[in-house]
Every structure is written in C-alpha cells, then in structure tokens.
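Rule-based calculations on the coordinates, nothing more; no lab input. None of these values were measured; they are calculated from a predicted model. All Cβ positions, glycine included, derive from the backbone under ideal geometry; neighbour counts span all protein chains shown.
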Amino acid sequence: MSIETKPGELRDLNARKVFMIGIGGCSMSGLALLLKSYGYDVSGSTSIDTEYIPALTKQGIRVYAEDNPEDMAGSDLVIYSHAITAENPMVKAARKNGIPLKSRSWLLGKLSGEFERSISVCGTHGKTTVTSMISQILIDTDQDPTVHIGGIYPPIGGNVRSGKSSLFLTEACEYQRSFLSLHPTGIVLLNIDRDHLDCYRDIDEIEETFGSFLKQLPEDGWVLGCGEDSRVLKLLKSSNCRTFAYGLSDTCDYYMEKPSEDSEGYYQFDFCHNGEKLGHVHMGIPGLFNALNALSALGAAHILGIDPAAACETISRFRGAHRRFELTGTINGAELIMDYGHNPTEMRYAVSIARKRCKGGRLWAVMQPNNYIRVKTLFQDFLTCTEEADITLVTDIYGYKYQDTGDISSGMLVEGMRRHHVNAVLTPGLSDAAAMIESGVRPGDLVIMMGCGNIHLLNDLLVKKDEEPVQGKELSGK
C-alpha cells in the first residue's frame with residue numbers, strides 16, 4: 001500500500017480525534033505534526049516546556065500544561081510517551097472511559113507500515129545525524145520523503161517532514177525495545193554500545209534485541225551496517241536478507257579512500273563501492289565518527305538508487321542537526337558549542353573534537369548527567385570522558401525524581417573524576433555553571449555544553465543579547 005493513495009488513513013486506526021500524553025517530547029511532537037498534516041484533530045498535554053511546543057501551537061495543535069482528564073474529552077484515541085507511567089491521571093481516565101490507549105512506538109510503527117519503502121536508522125550513537133543526512137539527500141534528489149527525526153533539523157523546519165511519495169525515513173530507537181514496533185524494508189545499523197541498562201541486562205541483550213529488529217526485515221529487504229563494529233558485523237553475517245557493510249577498509253562494500261583530516265578534525269575522502277570511486281566528500285562537520293556517519297548515509301542512498309555524485313554534494317554541504325556540535329554564540333570572546341551527547345561515548349567524541357578546535361585557549365566542558373540509572377550503570381565511563389578538557393563543570397543529574405534512590409549524585413561523579421585527575425567542579429544549577437563561566441572564560445577559550453536535558457537553557461543564559469544569533473552558522477567557514 002502506498003500512502004499516496006490515501007494520505008493519513010492509517011490502517012485499522014478508526015480515529016479522527018487523537019490526544020497525546022507527553023506531546024512536548026521530540027518524537028511525540030513530530031508524530032503529532034504528522035497526524036495533523038493528515039487531517040487528524042490533535043491535542044495533548046505535557047508536564048515540561050520544551051523547544052518543540054511552538055511548532056505544535058503554530059499548527060493549531062492544542063497543548064495543555066497540566067494532565068487534566070477533562071481536556072481529552074471526546075477523544076477517539078490516546079497516545080502516551082514512554083515517559084508516562086500507569087499512575088498518570090490521563091492514563092487512568094482513558095482506561096476508565098474505555099478510550100483506546102496506545103504507545104508512541106505503536107503509532108510510529110503503524111505509520112511506518114503504511115509506506116512501500118520504510119527506512120530505519122538505528123544504533124546507540126549517531127541516529128539523528130545520519131537520519132538528517134539521508135533526509136537531505138532524499139530531498140535534494142526529489143524523492144519527496146516523509147521523515148521522522150529524533151531531533152531538530154533546521155532545513156526541514158523541525159523534526160518531521162510530510163512527503164507525498166511512498167518513502168518513509170525514521171530514526172529507530174532501541175530504548176525499551178520501541179523499534180520492534182516498526183516495519184522496515186531497509187535498516188542502517190550504526191553501532192551497538194552499552195546504554196539504557198535500565199531496560200537491558202547487558203550489552204549482549206542489547207545486541208540480541210538489535211538482531212530481533214533485523215529479523216523484521218522482509219526477504220527482499222536490506223541492512224547496511226558498520227564494518228568497524230564487531231557486534232554489528234556479527235549480526236550482518238547472520239541476517240537472511242541483503243547485507244552491506246561500510247567502513248574504513250576496502251573489505252567493506254562502501255568505504256573511504258584517501259581520507260585526510262585537517263587541524264580542526266574535518267575529513268575529506270573518496271566515496272568508494274566495491275573498487276569503484278563514486279564521488280568525493282569534504283565534510284562540513286568534524287570528527288571521524290561523523291565521516292563514518294556520512295559514509296553510512298551515502299551507502300544507504302546508493303542502495304536506494306540515488307546518484308552518488310549528487311549524494312556526495314549534499315553531504316559536503318551538510319552542517320549538522322540542532323544541538324549536534326552546534327556553534328551558538330560567544331561570551332567574553334569564548335566560543336559556545338551545544339552538543340546533545342548524553343552518554344560517556346558521545347561526550348568523549350564531542351570533547352575530542354572541541355579539543356582540536358580550541359587552540360591556545362582553555363577548553364571548558366559542561367556535563368549535565370542524564371538519568372540516574374544511566375549514571376549508575378555507566379559510572380566508571382563518566383569519570384574520564386571529559387579528560388581532554390581543562391575544566392569540567394558537572395551539573396545536577398537531569399532525570400525523573402522517582403528514579404532517584406539516593407545512592408548516586410553529581411557530587412559522587414565529581415569526586416571520582418578528581419581521583420582520575422580530571423579538573424572537575426560541581427555546579428549544581430545551570431545558574432551556578434553560568435556564573436562560573438561568565439567570571440572565568442577568556443578570549444580564545446571554548447565552552448562545550450553537553451546533555452539531552454534542559455542544558456540548552458544554560459546556553460540561553462550565556463549568549464549575549466546584543467550579539468547576532470549564530471544558530472546554523474558553519475563551524476569553520478568551509
């Protein structure tokens with residue numbers, strides 16, 4: 001079935017009025033916008049004010065700041081985010097009144113199943129960047145895709161795009177195994193790493209779950225995986241559909257030739273496939289990990305039949321998604337960079353690139369630890385992930401209070417970091433971090449703020465009001 005034939009009529013979804021609990025979240029807000037574009041009457045509630053809400057209200061979607069069951073009166077369907085518990089008053093009211101209650105992942109899966117070609121980008125790190133890259137390639141080559149991204153990508157105006165073709169592209173998240181609701185015809189698998197150990201026993205169970213996701217591909221489907229990741233390679237070898245690998249070696253189907261890196265970490269390379277050069281890329285975002293991200297996007301585009309030279313041109317122009325190593329302004333002559341990295345591996349990546357960019361000054365890393373369970377399960381990894389920085393500021397843990405059992409804190413992180421010779425300072429509130437930065441930074445310094453919570457509010461405190469906003473500005477003038 002092609003969504004072209006009957007836009008927005010999701011199979012078996014006999015509802016016109018949809019209420020969404022937790023509508024302010026990234027994925028939930030995106031799904032709300034897609035439903036609205038298909039003609040549904042959409043409203044919702046959110047307990048926190050997020051950067052996604054203005055886009056909702058602009059489209060006429062009613063957003064309530066509190067969970068009041070009266071606000072969902074007359075709804076045919078209620079969708080809840082995975083942050084919502086069974087004790088939520090809206091959930092209780094929906095069950096009491098017999099209103100169908102479904103999860104966010106169910107709705108995303110339902111949507112993905114409506115398209116003839118449904119591409120999922122999964123992995124522990126890099127999903128938003130790669131989904132944004134592929135979306136831009138598809139748009140630039142007139143494929144007119146529908147896109148669902150787990151972050152804001154300014155060129156599409158937010159986190160979703162409603163297209164008219166039979167092609168759907170989505171970020172596929174492994175948290176709580178939510179991606180198992182999807183119906184992919186193609187999968188890009190970036191990496192498998194330790195995270196979300198609140199819902200997984202260990203990395204072996206994480207790998208097994210990614211394997212289950214790959215098994216949902218049809219026989220004529222395909223998977224493109226990173227040849228630099230041993231666990232990914234293991235799954236590729238056991239898959240029953242078409243498999244492709246990308247990586248640094250020509251043993252992979254898609255690989256780099258003549259890669260080179262400049263002094264700030266920007267790569268350029270020849271994009272090759274089975275011995276043939278298909279194009280050349282000069283990256284507009286730094287880091288080897290981003291060069292590999294680009295390689296995965298180029299490989300996926302080639303599998304989809306996109307002209308590789310055109311895809312390489314798009315990647316060379318790509319400047320990143322919102323809050324992905326994004327230059328946002330300056331303070332006292334020091335650059336400010338926002339990054340969404342929220343686990344130790346991602347933070348280490350971000351700090352390593354910031355270190356290359358910061359020449360002659362001091363590198364300030366601001367860490368907002370996310371989620372009490374993540375901090376506990378990855379505690380040792382957090383202790384050294386900012387070791388390349390000159391100064392590390394650690395704010396209070398951002399997470400749900402019900403997860404706080406009192407046996408973990410940012411103070412414990414700081415103590416452990418100091419034992420590992422990391423110059424760490426506890427700045428509990430964002431205002432504490434702002435005060436220390438304002439009084440201490442000098443021209444030539446660089447401040448990188450990392451986290452997936454509300455640390456963007458720290459950036460708002462620091463960016464001077466009389467300066468020209470630089471969101472979306474190229475980091476290096478490339």
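Computed quantities for the displayed model
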item: Normalised contact order of segment 215-270, rounded percent, pairs of Cα under 8 Å and 6 or more residues apart; result: 25 percent
item: Sequence of 187, 152 once ranked by neighbouring C-beta atoms within 10 Å, starting from the fewest; result: 152, 187
item: Computed over the chain: relative contact order in percent, which uses C-alpha pairs under 8 Å that are six or more apart; result: 11 percent
item: Within the chain, percent of DSSP bridges classed antiparallel, to nearest 5; result: 25 percent
item: Protection proxy ranking, peptides 364-371, 122-129, average beta carbon neighbours within 10 Å, highest first; result: 364-371, 122-129
item: Within the chain, longest stretch free of exposed GluC sites (Glu not before Pro) [DSSP loop, at most 10 other beta carbons within 10 Å]; result: 220-466
item: Cut-off 12 Å between beta-carbons: net charge of the residues surrounding residue 87, Lys and Arg +1, Asp and Glu -1; result: +1
item: Where only alpha carbons of the chain are counted, the Rg and the Dmax (Å); result: 22.1, 64
item: 22 Å Cα-Cα threshold exceeded, pairs from 110/164; 127/359; 164/215; 127/356; 376/401; 17/92; result: 127/359; 164/215; 127/356
item: Cβ-based exposure ranking for 235, 295, 31, 101, in which fewest neighbours within 10 Å come first; result: 101, 235, 31, 295
